[in-house]
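Below: one structure, written as structure tokens.
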Amino acid sequence: MQTRRRWWHDRVGYEVYIRSFADSDADGVGDLDGLHERLDYLAWLGIDLIWITPCFPSPLADHGYDVADYLQVADELGGMRALERVVERAHDLGIAVLLDLVPNHTSSAHPWFIASRTSRNDPKRDWYIWRDPAPDGGPPNNWLSHFGGPAWTYDAATEQYYCHLFLPEQPDLNWANPDVAAAFEDIIAYWLDRGIDGFRIDVAHALAKHADLPDLPPAPGAGSGETLELVGNFEALHHLYDVNQPEVLDVYRAWRRVADARDGLLLGEVYLTDVNDLAPFVTSQDGLHLAFWFAPLRFDGRDPARLRRWLMEGTGLPPGCLAWITSSHDSPRAASRLGGGQRGRDLALAVAVLQFGLPGLPFLYQGEELALLDVDVPPDAAEDPIAVRAGAYDHSRDRCRTPMPWQAAPGLGFTTAPRAWLPLGDRTAEDTVEVQRSDTHSFLHRYRALVALRHDHPDLSSLEVDVEWQQAQGPVIAYRRGSLIVAANLGPDPVAWDPGQQGRVVFCTDRRREGERVAGPLELAPAAALAIHAG
Ligand code: ISL
């Protein structure tokens, strides 16, 4: 089945974690005017699509993923005018702007929920998931919150529990209620009509719940180490009824009509790592346009065959329906996950090279282009509810969310405030944009060259050019994409690798190899990746 070519298919995306990108007003928190000032940098990097993490009014129990008003912009981030300035400038630079839509839950401070909890008869009562206590007075079922503890909180005023897959301050909406669906169709139309180009959709697989809210059985793979998230016992349950219900696809069918009428992009955070679960979200012509593919985030640098399998699984879907990431504001930075140090950084770039050659929308997470490592955030500086509430410091997302290092200066060029909202960490001058930009051998320049590779070779973003996977040669993952051959050595030793084709190196993680003629086997250093133009 062929996907119709749309405006986003040849773009390169970038996640802006707004609170840590650039602070324009010296309050220690990144904001939209700060982003505005840095859009030229993103254009220089070759980025032509950004996803801005939630910028709506919020009590910040989950740093913006608890939205109190979907139609306004938080004052702390600069308000509506600041967003308009960002969109205008971004469009002048050819950069599309996605907002982060959080439809699974609202903030408990949203007027909908405030009304809903006033009485069992309130017109908004059924906008959320309320149930009577179990016979013993406990929660109605055994569902758990992603952030630890039960997925239910008792509301004494009306003597019922409400459901929240995340914090108690993030009550889940009842998507079985058509009024909720209608409200979100209006929200989507509202922003698209104001020049926003689309949405990243938060926990896009979770909106619909099984009507009977049955207990969840234990997970078949529990304890196998295969699971991603270990906060509390969330991954010990088999999530048969709380996420990935078929009705969720009806939601996107309706949104798709609203979005397509305005040429808007719907990009789902579908956190399902079995490709068969993910497929229905993106393979029908009336579902999400794109979904992030999270399985490759399980690669820790040790078993290239696993990464190869996940990349192949993703490319088994119709072309152009996936977005590729190696890190985000929810996971360890790629360079840290892949072992840290020089090798972790080199491997992160090598994996990005492999992903940038595949059909779909490649994304960078802010700071990835600098090969940043995670920052150690001490418990007394913790912000993430996973750390603060659940005490799961090992899984804290703070360490991948620390401020962007722009300059080797106090505040890292991120802020002039004496203190940023999260620690700056021990960033070195070599970590900063300023220093890396002036050094053509830096990671920043390699990522920029990688983005340019994608833009300069239409075969890579084409929906018609297949991926031809090469037989695995030891730790080397390689494929052909039209006129290009892309390869990476993910092992710890140099490898002789045969591209099976003559050509010229048009990109290499080792910049000195660019331009090299290839005629037969060549040596790939550990963590080296390259692209060869055949001919
Ligand atoms: O489902 C998961 C793994 O099985 C989770 O990883 C889940 O998809 C993820 O935590 C969802 O993240 C998003 O929604 C959260 C917010 O805290 C994150 O920052 C956001 O990216 C709640 O809105």
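The values are calculated or read from the model by the stated rules, or taken from the named source; none is laboratory data. A quick note: this is a predicted structure, and the numbers were derived from the prediction, not measured. Positions of Cβ are generated from backbone atoms using ideal geometry, with glycine treated the same way; all protein chains shown enter the neighbour counts. To get the accessible areas, we keep the full protein, side chains included, count just its heavy atoms, and leave off ligands, DNA and RNA. Shrake-Rupley method; radii C 1.70, N 1.55, O 1.52, S 1.80 Å.
Return the residue satisfying two criteria in turn: it lies in the stretch 378-411 and is closer than 16 Å to ARG19 by Cα and among the hydrophobic types (A, V, I, L, M, F, W, C), and of such residues it is farthest from the chain's Cα centre (by Cα). I'd like the intermediate steps shown before the answer.
First pass over the stretch 378-411, keeping only residues closer than 16 Å to ARG19 by Cα: 381-385, 397-406, 411.
Applying the additional criterion that residues be among the hydrophobic types (A, V, I, L, M, F, W, C) yields 381-382, 400, 404, 406.
Values: ALA381: 24, ALA382: 21, CYS400: 12, MET404: 17, TRP406: 22 Å.
Of everything passing the filter in the stretch 378-411, ALA381 is farthest from the chain's Cα centre (by Cα).
Restricting to the stretch 407-423, give me the number of residues that are free of Cβ contacts under 8 Å to residues at least 40 places away in the same chain and among the polar types (S, T, N, Q).
1
So, in the stretch 414-469, exactly how many residues are of a type in the set (A, V, I, L, M) and out of contact with any Lys or Arg (no Cβ under 8 Å at 6 or more places or on another chain)? Before the answer, list the steps.
At the first step, the residues of the stretch 414-469 found to be of a type in the set (A, V, I, L, M) are 417, 420, 422, 424, 429, 433, 435, 444, 449-453, 460, 463, 465, 467.
Now drop any that are not out of contact with any Lys or Arg (no Cβ under 8 Å at 6 or more places or on another chain), which leaves 417, 420, 424, 429, 433, 435, 450-453.
Here the count works out to 10.
Can you tell which of ARG85, ARG11 is in contact with a helix residue (DSSP H, G or I) (Cβ under 6 Å, 6 or more places away or on another chain) and either modelled with pLDDT under 95 or not hydroxyl-bearing (Ser, Thr, Tyr) (or both)? Step through it out loud before you land on a result.
On the way: ARG11 fails: in contact with a helix residue (DSSP H, G or I) (Cβ under 6 Å, 6 or more places away or on another chain).
Every option except ARG85 fails the conditions.
Keeping to the stretch 7-40, report how many residues are under 25 Å from PRO418 (Cα atoms) and either more than 20 Å from the chain's Cα centre (by Cα) or in a helix (DSSP H, G or I) (or both). Talk me through it step by step, then tell me what you get.
Step one: filter the stretch 7-40 for residues under 25 Å from PRO418 (Cα atoms), giving 16-39.
Of the ones still in play, those that are also either more than 20 Å from the chain's Cα centre (by Cα) or in a helix (DSSP H, G or I) (or both) are 18-20, 23-29, 32-39.
Number satisfying all stated conditions: 18.
Is it fair to say ARG89 is away from the ligand (no atom under 16 Å from the Cβ) and either buried (at least 20 other Cβ atoms within 10 Å of the Cβ) or outside any loop (DSSP other than H, G, I, E, B) (or both)?
Yes; evaluated as a whole, the condition is true for this residue.
Per-residue answers, yes or no, for (1) within 16 Å of the ligand (Cβ to nearest atom); (2) in contact (Cβ under 8 Å) with a residue 12 or more places away in the chain; (3) more than 25 Å from VAL251 (Cα to Cα):
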residue	(1), (2), (3)
LEU83	no, yes, yes
LEU93	no, yes, yes
ASP100	yes, yes, no
SER108	yes, yes, no
TRP130	no, yes, no
PRO139	no, yes, yes
ASN142	no, yes, yes
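Filter the stretch 163-178 for residues that are without any contact (Cβ under 8 Å) to a residue 60 or more places away in the chain and away from the ligand (no atom under 16 Å from the Cβ); which is surrounded by the most Cβ atoms within 10 Å (Cβ to Cβ)? Working first, answer last.
Residues of the stretch 163-178 that are without any contact (Cβ under 8 Å) to a residue 60 or more places away in the chain, as a first pass: 163-164, 174, 177-178.
After this cut, where a residue has to be away from the ligand (no atom under 16 Å from the Cβ) as well, the list is 174, 177-178.
Values: ASN174: 20, ASN177: 16, PRO178: 9.
Within the stretch 163-178, the match that is surrounded by the most Cβ atoms within 10 Å (Cβ to Cβ) is ASN174.
What are the residues in the stretch 92-105 that are open to solvent by less than 20 Å² (accessible area, probe 1.4 Å) and farther than 25 Å from GLU185 by Cβ, if any? Working first, answer last.
Filtering the stretch 92-105 for residues open to solvent by less than 20 Å² (accessible area, probe 1.4 Å) gives 95-105.
Within the stretch 92-105, just ILE95 meets the criteria.
Tell me which residues, restricted to the stretch 394-424, are within 16 Å of the ligand (Cβ to nearest atom) and not aliphatic (A, V, I, L, M). Full working, then the answer.
Restricting attention to the stretch 394-424, the residues satisfying the condition of being within 16 Å of the ligand (Cβ to nearest atom) are 394-402, 421-422.
If the condition is that a residue be within 16 Å of the ligand (Cβ to nearest atom) and not aliphatic (A, V, I, L, M), then ASP394, HIS395, SER396, ARG397, ASP398, ARG399, CYS400, ARG401, THR402, TRP421 are the ones that fit.
Could you please tell me which pairs satisfy a Cβ distance under 6 Å, a separation of 6+ or placement on different chains, a first residue in the stretch 352-379 that is of a type in the set (Val, Ile, Thr), and a second residue that is part of a loop (DSSP other than H, G, I, E, B)?
Taking only residues 6 or more apart or on different chains, the pairs are VAL375/THR402; VAL375/GLY425; VAL377/PRO423.
Hey, can you tell me all the residues within the stretch 370-393 that are away from the ligand (no atom under 16 Å from the Cβ) and in contact with a Leu (Cβ under 9 Å, 6 or more places away or on another chain)?
LEU370, ALA371, VAL375, ALA381
Could you tell me whether the stretch 56-74 includes any residue that is open to solvent by 30 Å² or more (accessible area, probe 1.4 Å), more than 16 Å from the ligand (Cβ to nearest atom), not in a loop (DSSP other than H, G, I, E, B) and not hydrophobic (A, V, I, L, M, F, W, C)?
Within the stretch 56-74, none of the residues are open to solvent by 30 Å² or more (accessible area, probe 1.4 Å), more than 16 Å from the ligand (Cβ to nearest atom), not in a loop (DSSP other than H, G, I, E, B) and not hydrophobic (A, V, I, L, M, F, W, C).
Would you call TRP310 among the aromatic types (Phe, Trp, Tyr) and in contact with a strand residue (DSSP E or B) (Cβ under 7 Å, 6 or more places away or on another chain)?
No, not satisfied.
Within 16 Å of the ligand (Cβ to nearest atom) and hydrophobic (A, V, I, L, M, F, W, C): does that describe PHE356?
Criteria not met by PHE356.
Is at least one residue of the stretch 141-148 under 28 Å from VAL73 (Cβ atoms) and aliphatic (A, V, I, L, M)?
Within the stretch 141-148, not a single residue is under 28 Å from VAL73 (Cβ atoms) and aliphatic (A, V, I, L, M).
Between a first residue in the stretch 256-284 that is farther than 23 Å from ASP242 by Cα and a second residue that is in a strand (DSSP E or B), which pairs have beta carbons less than 6 Å apart while being 6 or more apart in sequence or on different chains?
Cβ pairs passing all conditions: ALA259/LEU266; GLY264/GLY198; LEU265/GLY198.
When the stretch 263-293 is examined, which residues are found to be among the charged types (D, E, K, R) and farther than 21 Å from VAL12 by Cα? Working first, answer last.
So in the stretch 263-293, the residues among the charged types (D, E, K, R) come out as 263, 269, 274, 277, 286.
ASP274, ASP277, ASP286 - these are the residues of the stretch 263-293 that are among the charged types (D, E, K, R) and farther than 21 Å from VAL12 by Cα.
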